[in-house]
Structure formats: C-alpha cells, structure tokens
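Remarks on the structure that follows.
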Amino acid sequence: MILNPKHRRQMRQVTVQKIDQVTPRVRRIVLGGEPLVGFNTPRPGAHIKLLFGVDPNEPVDPKKMRSQMRTYTPRHFNSETHELTVEFVLHGSGLASTWAAQAQVGETITVAGPGGGMDIPDVAVMVMLVDESAMPAAGILLESLPANCSPIVICEVEDVHEQRSLSSKIGVQPTWLFRKEQSAEPGLLLEKYLPNVLMGIEDLDDVFWWIACEANAMRRMRSHLLNQQGVSKDRLVSRGYWKLDTSNHPDHDYGES
C-alpha cells in the first residue's frame, strides 16, 4: 500500500444539489458547484474533510476548526458535472449526522481534499470486514479490484432494513450481520464471524485484508490476524472509522498502536 503524500488541502464551499434517503439510517448527498472545478478524482481509500459552519473566504482559527471538521469518504466524483457524492450514517445527535439529517438542497458546506488513498494489490482474494461507516469506501475498493481478484465482503449493520448495494457497477453479494437481532455491540458480530471467513480460505498468502469499522473491534481483529494467523502486515489494512462512546474520534486510526 502506498499513501499519497500529505499536502495542504484547498477549501471549497459547495452547495447541496440532491439528497437521497438510501436506507433509514443512510443519506446520500450530492454536493456541487463551480468550486469543484479542479477537484482531483479521489483514489481508492481516499478521504475528504467536511467543515461545518466554516466559510473558506474568512479567517479560521485552526484550533476551532478541529471541532468543526469531520472526515468522510468521497463516494463518487463526476468531473464533468462537478458533483461530489457523500454518504452519511444518521447515528443520532452529532455534528455531521445532525447536519445530514436536516440538510436541504441549496445550502452550503465547505469541503477540503481529497487526500490519502491506496494502490490496489494484485491478489487472488480480498476480504472486507466493514460496518455502515466504511461501506462507501468498500464500494470504491470493489470497483477498483483487478479482474482476477475475488472479493469476500462481510457487512455489519443495525438491522435488515440497512441492506443495500455497495456498488451499481459490481455485482457482489455481501454476508450481512444484524446487530439488533442479537443485541450486539458494534463490531462484535464482525469479530465473531472472522473464524468463518478463515475456515473458507485455503491459502492466506493469496489474501489481502481490509478491515474498517469501530476502532476497538478493528484492533482485536487486526491483532488476531497478525498474531494468531500469521498474516503479514503488508497484506492488511485496518481503519478505526469511529470509536464507541467517543465523539470526533481522531483521524488516521490504523490500529498500529
């Protein structure tokens, strides 16, 4: 995996163009406008920063900005229409969740990025263990896989109503795990299902792992694969997209410490 070098991100004030309620807990919002001219097409695994209540044309206190900023996956960018699609999980009260739940066509928000991203490895199998927060990124990765790579996708969501297509381009049937049915804490069902995935794999050297979900569960699965299964670190990408009972979990939680 090769990450893009860090550089200063241009802030762009964009306008809500369209809103789709994909599932009861997921809203897809299309952002657009002239400021997106020159926006770079995001790489697989890339991220953007959304800044709420920030005008890029006015001075911003860097310390205050941290509390007004959240990291999201740029699900799709149309360079011809200058439209950027972002999917939001409506998890209740929270800076981004509250904004997305109340957003209306025509209002503005500030975007910075994109940044990061990864090169897709040439492997026979890619296993993805994800929850709602990582499903947009999983969809992009699926669309970027080599033709000879077989994906295995495990999705943990709240209930059966949260099932949805990860990609309109790639016909993948994920295994769905429902927290509400088992009164399970986030990430626990993914962790419990991991042995089932391992049992179906003949050669771990042919597999690349991508784990993105609640941070504590991600760390436990990462540790199991590295320490109990002998998976090489260069065959594993792990992301703690959020952390239970923690507001504004720090970015770049890869589970390495």
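Quick notes
- Residues located in segment 133-143, provided they are in contact with a Phe, Trp or Tyr (Cβ under 9 Å, 6 or more places away or on another chain) and open to solvent by 10 Å² or more (accessible area, probe 1.4 Å): Ser133
- When Ser97, Ser133, Ser150 are checked against the criterion of being of a type outside the set (Lys, Arg) and either farther than 23 Å from Gln21 by Cβ or in contact with an Asp or Glu (Cβ under 7 Å, 6 or more places away or on another chain) (or both), a single residue qualifies: Ser150.
- Being exposed (fewer than 15 other Cβ atoms within 10 Å of the Cβ) and without any contact (Cβ under 8 Å) to a residue 24 or more places away in the chain is a property that Ser79 lacks.
- Residue match in segment 104-120 (condition: free of Cβ contacts under 8 Å to residues at least 40 places away in the same chain and open to solvent by 60 Å² or more (accessible area, probe 1.4 Å)): no
- Members of segment 144-164 found to be assigned to a loop (DSSP other than H, G, I, E, B), within 25 Å of Asp119 (Cα to Cα), touching a residue at least 12 places away in the same chain (Cβ under 8 Å) and open to solvent by 60 Å² or more (accessible area, probe 1.4 Å), listed by number: Asn148
- Residues in segment 59-83 that are touching a strand residue (DSSP E or B) at 6+ places or on another chain (Cβ under 7 Å) and either small (Gly, Ala, Ser) or part of a strand (DSSP E or B) (or both): Met69, Arg70, Thr71, Tyr72, His76, Phe77, Glu83.
- Any hit, segment 238-245, residues being at pLDDT below 95, in a loop (DSSP other than H, G, I, E, B) and on the phi < 0 side of the Ramachandran plot: yes
- Options Val86, Val54, Val14: the member that is touching a Ser or Thr at 6+ places or on another chain (Cβ under 6 Å) and either assigned to a loop (DSSP other than H, G, I, E, B) or open to solvent by less than 30 Å² (accessible area, probe 1.4 Å) (or both): Val54
- Condition broken by Met126, with the remaining ones in (1) over 25 Å from Arg235 (Cβ atoms); (2) assigned to a strand (DSSP E or B) satisfied: (1)
The values are calculated or read from the model by the stated rules, or taken from the named source; none is laboratory data. Keep in mind it's a predicted model, so treat the numbers as computed, not measured. We place every Cβ from the backbone using ideal geometry, glycine too, and count neighbours over all the protein chains shown. These accessible areas exclude ligands, DNA and RNA; they are computed on the full protein's heavy atoms, side chains included. Shrake-Rupley method; radii C 1.70, N 1.55, O 1.52, S 1.80 Å.
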